[in-house]
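See below for the structure under consideration.
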Amino acid sequence: MNLAYAARRFVTLLLTVFFVILVTFFAFRIIPGNPALAILGTEATPEQIQELEAKLGTDLPLGEQFLHWIGGAAAFDFGDSLRYSEPVLDLIGARLPVTFSLALLALAITVLVAVPLGIAAARRRGKALDLIISAVTQIGLAIPSFWSGIVLVLVFGVMLKWFSVSHYVPWSENAWLSLRSLLLPAVALSIPQIAIVVRYLRTTMLEQLHLEYVRTARSKGLRPSTVYYKHVLKNALIPVVTVVGMNFGEILAGSLVIEQVFTLPGLGRLLITAIGNRDYPLVQGLVLLVASIVIFVNFVVDLSYAWLNPKIRLR
Amino acid sequence: MLSAPTEAPPLLDIRDLRVELTTARGRWPVLEGIDLRVEPGETVGIVGESGCGKSVLSLSLLGLLPPAMRISEGEIRYEAGRLPREGEEAFRRIRGREIAMIFQDPMSSLNPALTIGEQATEMTRLHLKLTKREAREHAVSLFRKVGLPRPEALLKEYPHQLSGGMLQRVMIAIALSCAPKLLIADEPTTALDVTIQAQILELLKTIREEDGTAILLVSHDLGVIADMCDRIAVMYAGQVVEVGTAEELFDSPRHPYTQGLLQAVPTPAKKREKLLSIPGTVPALHERGAGCRFHSRCAYATERCLLSAPPVVRVSGAGGGAGAGTGAGALAATGAHAVRCWLAAEEGGLPHAAG
Amino acid sequence: MNSGKKITLWIGLTLVALLFVLMAVSLFYVPYGANEMNIAGRLQAPGAAHWLGTDNFGRDILSRIMEGTQTAFSVGFFSVCIGLAGGFLLGAAAGYLGRWADELLMRAVDALMAFPGILLALILVTIFKPSLGQTIIAIGILFIPSFARVIRGGFLQTKEADFVKAARGMGAGHAALIFRHIVPHILSSVIVTASLCFSAAILVEAALSYLGLGVQPPDPSWGRMLNESQAYMSKAPWYALAPGLFITLTVLGFNLLGDGIRDLRDRRA
């Protein structure tokens, strides 16, 4: 891989993160009126307001506040939560594993289901199976994941009673039970993603099938499955990896909502509670962190794209 | 069959082959009445302008036709056994193992995402059941044979790291790896530089001599064909219009199209003269009339050429004298010089130096 | 293949038209008042009196769904308008001015796009109090980058086209050039983006309202209904089905419409 390319990409990464820091800072400074007043309500005494302003740092000049925020963010210090009186970072750290394992499980399900379906659709293009897959993926794209989550709970939790809903078990305690508690939300999360990847993979496969190397592979007498799964897939997957990676942000964002359906103690529930409580430092820290994770994942995906594609690798 | 029966059956025997293209506006014959034979160890050339159906013919032999095309009539026999008309599984047993193929553009014919080693070993591992290690050793020895430098290191490289000439050598090495009896080379030098072209042709000659591999060489370049082939079939608009030995075709071409092609070949003798090219273009599928397909470009065309299809006439060769054999099979007969033209049918001959 | 692609467009058009009719009807008539409570008849299963059953306050679910179409359509329509207006300003500026303006604006658009949509919307609704208006504004801002990209791309392509050069050579002013020559050219891409953003708007609104951070009662919202239904899942499973179904149908309709128009345009090109 070209170092100059990686370096250039890294500069873009830093710029984007800086932009996010900027947005998260100013977003919470343009709140109409006094943030402390907004938090405490109109019955607050002037002393209470002063105390909170000192805690929030809003009594300082704007420039100084901004330097504080950047300095803090660089050291992963986002201040203390107003509600929990704990460092924001600790609160996030405790809940990150839940959201992360949920997102990763959803990603794994997406890849496991979408790749064979995408290949099947491309192999039988124009035939019944292709049309069915195409129709089903259109519906999959339209279903809001929190609703499919509710329906899954309804069917498997309420009616069939296969899964105990709303009881999260951490990995460290019991991996099997943990998987069980995350399976339904992960399935709900992965449905639209599967639809996206299937459609994309089908298109890239069909583009590849016209290329001459496919004819060469067939002229060698290879099995059709070898031609598709080895020769074509390797080429078709390169752009698909990008799509999957770029959608990691969407999966993460989706898990923020889906946690609410399954009452999972992850970042999403923390964020929604924090917004409800007007716990600005916590909201700020959460948004910055989640956005940074997404940006970082996109960066890694970009580099892996360059690494996967042998033509780019040497340039 | 008019030709004297030979002791062994031909390696490849194409009889009255017809390939059709299905479009929204109907079915069109791409190839019609193709008869052609290849004997073991023989090199046969197929020549013609682009759009004549040469590539379709070579692809039809291995069942690699595009989805819209299919063999509708005739048959292809390989070592006296009949090849299937379609069906991926049926063709798989002969592809690569009995009949191997190399293509025009080595850059796009190899998979860009797999290493050379992977692509050079998968066929022997599948067909010859070699282990990974044996397959690699086999590939290395073949790379040496085709004159590739540092064969071991090549295994780990990707196609884009090699030049076109090297890639075509890799393609040839891969094609030879299961020791096929027939090698189909579809414009193997067209995409390469002139100096590289000569090297690749030399390599093909060496292979023919050392391994006794029969070669079906497809090219639009009569120079390439002349250099390589024992026998030549000239194709025009989906038909074979003339077939004969290299000497017969070069010394006494009977079809006006063959004559035209010969006049378009640059040779040292003709250096100062203006090269003559055949005016006009190959008729498209829907422009082919009932008569001779070449009539629109032929200097000798008469009304009969426009109205009715010319017969196939044997002008010399085994089994009879000029004009003796007509009809299906005449073009296929090994050793016969046959032509599809009214002039030949009438006069039994044509002025040699036309124009 | 041709007929298959046309089918996409027709199904999309039909779905959107049906929902539009439903919304139009709801402006004048709903079976029961959407906020008409009836504690005695709460959580009734679907039947002759209440086709889709009643909710925890005894309100007719069908009536609420019908009124919900108004919310969905207004969120979709107005947020797309905001996104289009903002995107047009940004994209046209970037595409027309080019050079550093282009570079700067497109970097900002990239950065904005790196945010997952719902996260950006969540920040915006945190700053302002959640309501129908704020939801529309938040979602509208979300769409600005998508429109800006499409419009910029169109500008860059057509700016160099011969007919635009010719018009410029004949002394056409900037405004005339943009509105008479460039805009008609990029219209189809903009319509496709608008259709796809419309469906995205409905999804985001539903998610925000489901989280309790979007449309607030008494404004009817499908997402909000889903939120309320969750507490009664075992007693009244139908309560959760109807709103989700309508969200899906609306999103499906606009997605198919967008895809259909795109296929139509691609085939012409």
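The values are calculated or read from the model by the stated rules, or taken from the named source; none is laboratory data. Note that the structure is predicted; figures quoted are calculated from it, not measured. Here the Cβ positions follow ideal geometry from the backbone for every residue, glycine too, while neighbour counts run over all protein chains shown.
Going through A:Leu82, A:Leu67, A:Leu105, A:Leu117 one at a time, which residue ends up being surrounded by 17 or more Cβ atoms within 10 Å (Cβ to Cβ), out of contact with any strand residue (DSSP E or B) (no Cβ under 7 Å at 6 or more places or on another chain) and not assigned by TED's automatic domain parsing to the domain that holds A:Ser190?
Exactly one of A:Leu82, A:Leu67, A:Leu105, A:Leu117 is surrounded by 17 or more Cβ atoms within 10 Å (Cβ to Cβ), out of contact with any strand residue (DSSP E or B) (no Cβ under 7 Å at 6 or more places or on another chain) and not assigned by TED's automatic domain parsing to the domain that holds A:Ser190, namely A:Leu82.
Those residues that are more than 7 Å from chain A (Cβ to nearest Cβ) and over 11 Å from B:Ala175 (Cα atoms), I need them from the range B:97-118; list them, please.
Within the range B:97-118, B:Gln104, B:Pro106, B:Met107, B:Thr115, B:Ile116, B:Gly117, B:Glu118 qualify.
So, in the range A:265-289, exactly how many residues are touching a Phe, Trp or Tyr at 6+ places or on another chain (Cβ under 9 Å) and surrounded by 20 or more Cβ atoms within 10 Å (Cβ to Cβ)?
Of the residues in that region, 14 qualify.
Somewhere in the range A:228-240, is a residue over 20 Å from B:Tyr158 (Cβ atoms) and surrounded by fewer than 18 Cβ atoms within 10 Å (Cβ to Cβ)?
Looking through the range A:228-240, none of the residues is over 20 Å from B:Tyr158 (Cβ atoms) and surrounded by fewer than 18 Cβ atoms within 10 Å (Cβ to Cβ).
Just one of the numbered conditions (1) in contact (Cβ under 8 Å) with a residue 24 or more places away in the chain; (2) among the aromatic types (Phe, Trp, Tyr); (3) within 13 Å of another protein chain (Cβ to nearest Cβ) is not true of A:Tyr200; which one?
Only one criterion is unmet by A:Tyr200, namely (3).
I'm checking my understanding of the structure. Among residues of the range C:237-268 that are more than 20 Å from C:Ala201 (Cα to Cα) and among the aliphatic types (A, V, I, L, M), which one is farthest from the other protein chains (Cβ to nearest Cβ)?
Going through the qualifying residues, I end up with C:Leu264.
Results for (1) farther than 20 Å from C:Leu84 by Cα; (2) part of a helix (DSSP H, G or I), shown as yes or no for each residue.
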residue: C:Pro184; (1), (2): no, yes
residue: C:Leu187; (1), (2): no, yes
residue: C:Ile202; (1), (2): no, yes
residue: C:Glu205; (1), (2): no, yes
residue: C:Asp219; (1), (2): yes, no
residue: C:Ala231; (1), (2): yes, yes
residue: C:Ala242; (1), (2): yes, yes
residue: C:Leu252; (1), (2): yes, yes
residue: C:Gly260; (1), (2): yes, yes
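Hey, can you tell me all the residues within the range C:1-14 that are modelled with pLDDT of 90 or more and within 10 Å of chain A (Cβ to nearest Cβ)?
C:Ile11, C:Gly12
Quick test for you: out of B:Phe91, B:Phe143, pick the one residue that is of a type outside the set (A, V, I, L, M), within 14 Å of chain A (Cβ to nearest Cβ) and free of Cβ contacts under 8 Å to residues at least 40 places away in the same chain.
After applying the criteria, what remains is B:Phe91.
Step by step: first the residues of the range C:221-236, then only those that are more than 10 Å from every other protein chain (Cβ to nearest Cβ) and surrounded by 24 or more Cβ atoms within 10 Å (Cβ to Cβ), then the one that is nearest to A:Val283 (Cα to Cα). Which residue is that?
For the range C:221-236, the residue satisfying everything is C:Arg224.
Which of the residues belonging to the range C:241-261 are β-branched (Val, Ile, Thr) and crowded, with 24+ Cβ neighbours inside 10 Å?
Result: C:Ile247, C:Thr250, C:Val251.
Within the range A:255-264, can one find any residue that is among the charged types (D, E, K, R) and surrounded by fewer than 24 Cβ atoms within 10 Å (Cβ to Cβ)? Can you show your working first?
We begin by selecting, within the range A:255-264, every residue among the charged types (D, E, K, R); these are A:259.
Filter again for surrounded by fewer than 24 Cβ atoms within 10 Å (Cβ to Cβ), leaving none.
No, every residue in the range A:255-264 fails to be among the charged types (D, E, K, R) and surrounded by fewer than 24 Cβ atoms within 10 Å (Cβ to Cβ).
Take the conditions away from chain C (no Cβ under 14 Å) and within 30 Å of C:Gly260 (Cβ to Cβ) and apply them to A:Arg123. Does it pass?
yes
Could you tell me whether the range C:158-170 includes any residue that is away from chain A (no Cβ under 14 Å), surrounded by 15 or more Cβ atoms within 10 Å (Cβ to Cβ) and under 26 Å from A:Ala291 (Cβ atoms)?
Checked the range C:158-170: no residue is away from chain A (no Cβ under 14 Å), surrounded by 15 or more Cβ atoms within 10 Å (Cβ to Cβ) and under 26 Å from A:Ala291 (Cβ atoms).
So which residues in the range B:140-162 are within 14 Å of B:Leu114 (Cβ to Cβ) and either at pLDDT 95 or above or surrounded by fewer than 18 Cβ atoms within 10 Å (Cβ to Cβ) (or both), if there are any at all? I'd like the intermediate steps shown before the answer.
Going through the range B:140-162, the residues within 14 Å of B:Leu114 (Cβ to Cβ) turn out to be B:154-162.
Correct list: B:Lys156, B:Glu157, B:His160, B:Gln161.
For the condition touching a Lys or Arg at 6+ places or on another chain (Cβ under 8 Å) and either away from chain A (no Cβ under 13 Å) or part of a loop (DSSP other than H, G, I, E, B) (or both), what is the one hit in B:Ile207, B:Ile215, B:Ile174?
After applying the criteria, what remains is B:Ile215.
What single numbered condition from (1) buried (at least 22 other Cβ atoms within 10 Å of the Cβ); (2) under 17 Å from the mean Cα position of the chain (by Cα); (3) not polar (S, T, N, Q) fails to hold for C:Arg64?
(2)
In the range C:71-86, how many residues are crowded, with 24+ Cβ neighbours inside 10 Å and either without any contact (Cβ under 8 Å) to a residue 40 or more places away in the chain or in contact with a Cys (Cβ under 7 Å, 6 or more places away or on another chain) (or both)?
The total comes to 2.
Restricting to the range A:224-235, name every residue that is more than 30 Å from the chain's Cα centre (by Cα) and at the interface with chain B (Cβ under 7 Å from one of its Cβ atoms).
A:Pro224, A:His231
Residue check, A:Arg83 against (1) touching a residue at least 40 places away in the same chain (Cβ under 8 Å); (2) over 28 Å from C:Asn227 (Cα atoms), all met but one. Which one?
(2)
Just one of A:Val283, A:Val300, A:Val257, A:Val261 is at the interface with chain C (Cβ under 10 Å from one of its Cβ atoms), closer than 30 Å to A:Phe10 by Cβ and either of a type in the set (Val, Ile, Thr) or in contact with a strand residue (DSSP E or B) (Cβ under 7 Å, 6 or more places away or on another chain) (or both); which is it?
A:Val283
Tally the residues that are more than 11 Å from chain C (Cβ to nearest Cβ), within 18 Å of A:Ala103 (Cβ to Cβ) and in contact (Cβ under 8 Å) with a residue 60 or more places away in the chain, restricting the search to the range A:131-180.
Total meeting the criteria: 5.
Taking C:Ala49 as the residue in question, decide whether it is surrounded by fewer than 21 Cβ atoms within 10 Å (Cβ to Cβ), more than 16 Å from C:Leu249 (Cβ to Cβ) and within 26 Å of the chain's Cα centre (by Cα).
So C:Ala49 fails the test.
Tally up the residues in the range B:41-69 that are within 11 Å of the chain's Cα centre (by Cα) and within 20 Å of B:Pro253 (Cα to Cα), please.
7
Of the numbered conditions (1) within 30 Å of B:Tyr158 (Cα to Cα); (2) crowded, with 20+ Cβ neighbours inside 10 Å, A:Ser190 satisfies every one except a single condition; which is it?
Among (1) within 30 Å of B:Tyr158 (Cα to Cα); (2) crowded, with 20+ Cβ neighbours inside 10 Å, the lone unmet condition for A:Ser190 is (1).
Against the definition (of a type in the set (A, V, I, L, M, F, W, C), more than 7 Å from every other protein chain (Cβ to nearest Cβ) and over 30 Å from B:Arg95 (Cβ atoms)), how does A:Ile251 come out, yes or no?
yes
Tally up the residues in the range C:123-165 that are of a type in the set (Lys, Arg) and either modelled with pLDDT of 80 or more or closer than 21 Å to A:Ala253 by Cβ (or both), please.
Of the residues in that region, 2 qualify.
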